[in-house]
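These notes are about the structure you will find just below.
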Amino acid sequence: MSNIIEVSNLTVSFIVRGGNLLLFERGSGLMDVVNDVSFNVREGETFGLAGETGSGKSVIAWALVGLMTPRSGSVRVLGKEIDFRKKADVTYLRRNIGIVFQDPVGSLNPRLRVKEIIQEGLVAAKTFDRNEYGKRIDEVVDLVGLRKSSLEAYPRELSGGEKQRVSLARAIVVPRKVVILDEPTSSLDVSVQAQVLNTLKELKSKLDLSYFFITHDINVMKYMSDSLGILYYGKLLEVGRTYDVVTNPEHPFTIRLMSNVPGLKRTKIEDQGERLTEQGSSATGCVYSKICPRAFEKCSNSPPMINLGSDHHAACFLYDEAN
Amino acid sequence: MRINKGEIVGIVGESGSGKTTLGLGIIGLLDSPPADIINGSITFEGKDLLKLTYSELSQIRGPGIGMVFQESLAALNPVYRTDTQLRESIEVLRRSQDLNISSKAEKEMIIEILNDLRLDRPEWVLKKYPHELSGGMRQRVSIAMAIVERPKLLILDEVTTGLDVYVQNRILNILKDLNQRTGAAMMFITHDLLVASQICDRLYVMYAGRVMEEGSTDYIINTPAHPYTQKLFAAIPQGFVDAPPLPAPKGEAPDLRKLPPGCKFHPRCPFVMQKCKDAEPPVFESDCGDKVLCWLLEKK
């Protein structure tokens, strides 16, 4: 099975003025919000990226559609190495990767009708003849499960679920192989979320899509992804097949994360009683070492990704053979 | 609905089901117009809150009934530091109970509460403006503002929404602990059934402004009686990637301006009967004592 997206050692930095630079003292006022991240999205699969608020999940998505320029690292899409300084390469990215943003209100132009919003994608792609627009839009609207009558509506007249379907229609109106879904259901109610997740799964098999799926909800992640990565303060701490990572997490952060996932059975809530520090990351060494219950001297160095077998990797010295 | 002393009661439902309106109605914060309470009563410690004057109600708000609002960023005043906002709450307590609290004691009270809420470096938090705090910290400052007045009933409106899972779990633990230590009753409003099932003793499931099902949390989780409650639980993703499609209820929540006749859930209900379209069901009792608004439970 080939990889549709290959991301290696991706680092994206923000220029920070003021603020708490003590924590991120690398370069002059540069904060690495995504730090040395590598993963692959395989053809026909869903790669999930989970992590808490501010861990850099969306930044990776933005980089993959050229909305941010990485400081270093390489991105290969459908076998082509992307040079982010070349406009043609960024266009290549956008032509091949569709994206659904988290905020359904902010990502749809309030002054355009649904039809026009979807059409914009077609116009930008330049691969469709103007006469075909209507037919293609009708097809896509059908695929994502929108009512035909919604085409003439403005975004504000639609419900949250319908808005996300419009975003989805815009992302696939130009035939694509990969779609990035950035928290596509986090603003939706559970029953509407279920409908949208069902549609996403249906579309994936119907159109042979691959997904790069971002969410903070582990239950949704489990249900949607084949493989997943756990991001924490810009660092990928664990990657593997979803089943392995969820049932057998290895990184201390992942272990804590998984034990906190709410289930329907009433369980004692996991809580070590520790204080919640405002800055849970360390400037040097392992980002999790500051609050890791199992941290030891070695953790003041940056841990490498250690192969635990069967595609399962964790960035943690606990699994270092040299111990 | 009723909330007993020391009880944690969950109000669950999807957006637009009337959860927040209910909370705001209890504490008398609904703007009128447009809102108008046309009948019913809200009895708190023997007094009908709807019959009180504005100043009598003000006496109850805070030390009687406290509320933590959904959006902590909007609920806190952006131009005051945490310290000032918390002192304001103590001022309310002082006035209502004629207490004599020195400035030093005030500070101690505040630090103690922030410590109870397991905020790291409370002194530092006190000097910050709301926008300088993280979501989890801000939410706890909002909770601190409400509990510093020692309310007998605390209305919590989506207090864990948008927080990371273990910050969420920590806040749930803090609330449980607070409930056990002070005996404060809580009305826990949330759209998240999983969160509600973690903390609440009893649940009220709302839909289109009505309570569709009421009962103990354990019963509702294990044997939901109303088709809406059943659908709601079934819609939570549980399995892995190869799991079957989620049995989501069709359609979306109804527009309150154009409610269907009969049972408000009937257009989306898999068990709909003619009766459901004709008349809104009364409350029926299920085998385990849940109160359910559904014709299916009518005893033949």
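The values are calculated or read from the model by the stated rules, or taken from the named source; none is laboratory data. Given the structure is predicted, the values throughout are model-derived calculations rather than measurements. We place every Cβ from the backbone using ideal geometry, glycine too, and count neighbours over all the protein chains shown.
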Which pairs turn up if I take residues in region A:104-133 that are in contact (Cβ under 8 Å) with a residue 24 or more places away in the chain and among the aliphatic types (A, V, I, L, M) and look for partners that are surrounded by fewer than 18 Cβ atoms within 10 Å (Cβ to Cβ) and assigned to a helix (DSSP H, G or I) with beta carbon separation below 8 Å, at least 6 apart in sequence or on another chain?
A:LEU112/A:GLU120; A:VAL114/A:GLU152; A:LEU122/A:TYR133; A:ALA125/A:ARG95
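Look through B:THR20, B:THR82, B:THR53 and report the one residue that is polar (S, T, N, Q) and exposed (fewer than 13 other Cβ atoms within 10 Å of the Cβ).
None of the other options fit; the residue is B:THR53.
Residues that are within 14 Å of chain A (Cβ to nearest Cβ), at least 1 per element: which strands (runs of 3 or more DSSP E) completely within region B:151-211 meet that?
Working: elements: B:153-157, B:185-190, B:202-207.
Answer list for region B:151-211: B:185-190, B:202-207.
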Out of all the residues in region B:129-143, which are touching a helix residue (DSSP H, G or I) at 6+ places or on another chain (Cβ under 8 Å) and either closer than 24 Å to B:ARG181 by Cα or at the interface with chain A (Cβ under 10 Å from one of its Cβ atoms) (or both)?
B:LEU133, B:GLY135, B:GLY136, B:MET137, B:ARG138, B:GLN139, B:ARG140, B:VAL141, B:SER142, B:ILE143
Apart from one, (1) in a helix (DSSP H, G or I); (2) under 23 Å from B:MET206 (Cβ atoms); (3) of a type outside the set (Lys, Arg) all hold for B:LEU57; the odd one out is (2)
Quick one: A:GLU238 ticks every box in (1) under 20 Å from A:THR53 (Cβ atoms); (2) touching a residue at least 40 places away in the same chain (Cβ under 8 Å); (3) surrounded by fewer than 24 Cβ atoms within 10 Å (Cβ to Cβ) bar one, so which box is it?
(3)
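For region B:163-182, check the following and say yes or no: at least one residue is on the phi > 0 side of the Ramachandran plot and in contact with a Gly (Cβ under 7 Å, 6 or more places away or on another chain). Quick ask: steps written out before the conclusion?
Initially, region B:163-182 is screened for residues on the phi > 0 side of the Ramachandran plot, giving none.
Scanning region B:163-182, I find no residue that is on the phi > 0 side of the Ramachandran plot and in contact with a Gly (Cβ under 7 Å, 6 or more places away or on another chain), so the answer is no.
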Only one of B:ARG118, B:ARG95, B:ARG150 is modelled with pLDDT of 85 or more, surrounded by fewer than 21 Cβ atoms within 10 Å (Cβ to Cβ) and of a type in the set (Lys, Arg); which?
B:ARG150
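Among the residues that make up region B:220-232, is at least one of them more than 10 Å from chain A (Cβ to nearest Cβ), assigned to a helix (DSSP H, G or I) and of a type in the set (Phe, Trp, Tyr)?
Within region B:220-232, the first condition is being more than 10 Å from chain A (Cβ to nearest Cβ), and the residues that meet it are B:220, B:223-227, B:229-230.
From what's left, assigned to a helix (DSSP H, G or I): B:220, B:227, B:229-230.
From what is left, the residues that are of a type in the set (Phe, Trp, Tyr) are none.
For region B:220-232, residues more than 10 Å from chain A (Cβ to nearest Cβ), assigned to a helix (DSSP H, G or I) and of a type in the set (Phe, Trp, Tyr): absent.
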Output the qualifying pairs, or none if there are none: Cβ atoms under 7 angstrom, residues six or more apart or on different chains, first residue in region B:110-122 and at the interface with another protein chain (Cβ under 9 Å from one of its Cβ atoms), second residue among the aromatic types (Phe, Trp, Tyr).
none
